[in-house]
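The values are calculated or read from the model by the stated rules, or taken from the named source; none is laboratory data. Remember, predicted model here, so these are calculated numbers, not experimental data. Because the Cβ atoms are built from the backbone with ideal geometry, glycine has one as well, and the counts that use them run over all protein chains shown. Just so you know, the surface numbers come from the protein's heavy atoms only, side chains and all, with ligands and any DNA or RNA stripped out. Shrake-Rupley method; radii C 1.70, N 1.55, O 1.52, S 1.80 Å.
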Amino acid sequence: LEPAAWQTVNERRDRGELWEFFEPSPRVPASAAVSALAESLGVGRASDPLTSIRRIVSAVHQAIAYVPASTTVDTPLDVVIETRRGVCQDFAHVALVLPRSLGLPCRYVSGYCAPVAGQPASQNLTSHAWIEVWLPGLEWVALDPTHDVVAGERHISVAVGDDYDAAAPTPGVFLGG
């Protein structure tokens, strides 16, 4: 994006648009640990918002280890940052707090990853979480920090919100007729 895109983002914030996605939330609070993480990863404002968010998503992917059952939905963000391990909702929460601290509106997305071609759905349909960032001219762009990819056809969005609490996934999945 052009560097002027930052001005467009700032103007939206100044008008109160998308306000809930600019601000910290209960599961994504601003803290000293967040500031220290941003500094250690070197993820400040880049020349444009798209470059900033891509750097953040890649840095989160590299900094946090995916360790199944290492956290629960109630594990505080600061603990995830300190231990540098978690699951997809932790990756999403870390990837939300950093761009918000730079003034980028981001939201949490819960949903599912569809099966890989050639594999039965019952063996590969998994709940998942990722983020969306609002960017001038592009609107909501979905990024998956767990896999360091732009979310695509396999990402099935169920709910969006400011964090997990506002977009908790469906408590069950039904497969069959």
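So that you can scan it fast, the table gives a plain yes or no per residue for (1) in contact with an Asp or Glu (Cβ under 6 Å, 6 or more places away or on another chain); (2) open to solvent by 20 Å² or more (accessible area, probe 1.4 Å); (3) over 27 Å from Ser40 (Cα atoms); (4) modelled with pLDDT under 95:
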{"position": "Asp74", "(1), (2), (3), (4)": "no, yes, no, yes"}
{"position": "Asp78", "(1), (2), (3), (4)": "no, yes, no, no"}
{"position": "Thr83", "(1), (2), (3), (4)": "no, yes, no, no"}
{"position": "His93", "(1), (2), (3), (4)": "no, no, no, no"}
{"position": "Leu96", "(1), (2), (3), (4)": "no, no, no, no"}
{"position": "Arg100", "(1), (2), (3), (4)": "no, no, no, no"}
{"position": "Arg107", "(1), (2), (3), (4)": "yes, yes, no, no"}
{"position": "Thr126", "(1), (2), (3), (4)": "no, yes, yes, yes"}
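Cβ separations smaller than 7 Å between residues 6+ apart or across chains give the following pairs from the range 146-167 residues that are in contact (Cβ under 8 Å) with a residue 24 or more places away in the chain to residues that are open to solvent by less than 60 Å² (accessible area, probe 1.4 Å) and polar (S, T, N, Q): Asp148/Ser58; Val158/Ser110; Ala159/Ser110; Asp162/Ser25; Asp163/Ser25; Tyr164/Gln89; Ala167/Ser110.
Residues that are farther than 24 Å from Ala166 by Cβ and among the small types (Gly, Ala, Ser) were ranked within the range 36-61; the one that is farthest from the chain's Cα centre (by Cα) is Ser47. Among the residues in the range 15-29, are any within 12 Å of Ala95 (Cβ to Cβ) and hydrophobic (A, V, I, L, M, F, W, C)? Within the range 15-29, one or more residues are within 12 Å of Ala95 (Cβ to Cβ) and hydrophobic (A, V, I, L, M, F, W, C). Counting only helices (runs of 4 or more DSSP H) wholly contained in the range 1-79, the ones carrying 1 or more residues that are among the small types (Gly, Ala, Ser) and touching a residue at least 24 places away in the same chain (Cβ under 8 Å) occupy 5-14, 32-41, 49-63. Answer yes or no: is there a residue in the range 102-113 that is among the charged types (D, E, K, R) and either over 10 Å from the mean Cα position of the chain (by Cα) or closer than 29 Å to Gln7 by Cα (or both). There is at least one residue in the range 102-113 that is among the charged types (D, E, K, R) and either over 10 Å from the mean Cα position of the chain (by Cα) or closer than 29 Å to Gln7 by Cα (or both).
Within the range 8-27, the only residue that satisfies the criterion of being buried (at least 17 other Cβ atoms within 10 Å of the Cβ) and among the hydroxyl-bearing types (Ser, Thr, Tyr) is Ser25. Scanning the range 143-164 for residues that are under 19 Å from Arg27 (Cα atoms), among the aromatic types (Phe, Trp, Tyr) and either surrounded by fewer than 17 Cβ atoms within 10 Å (Cβ to Cβ) or modelled with pLDDT under 95 (or both) turns up at least one hit.
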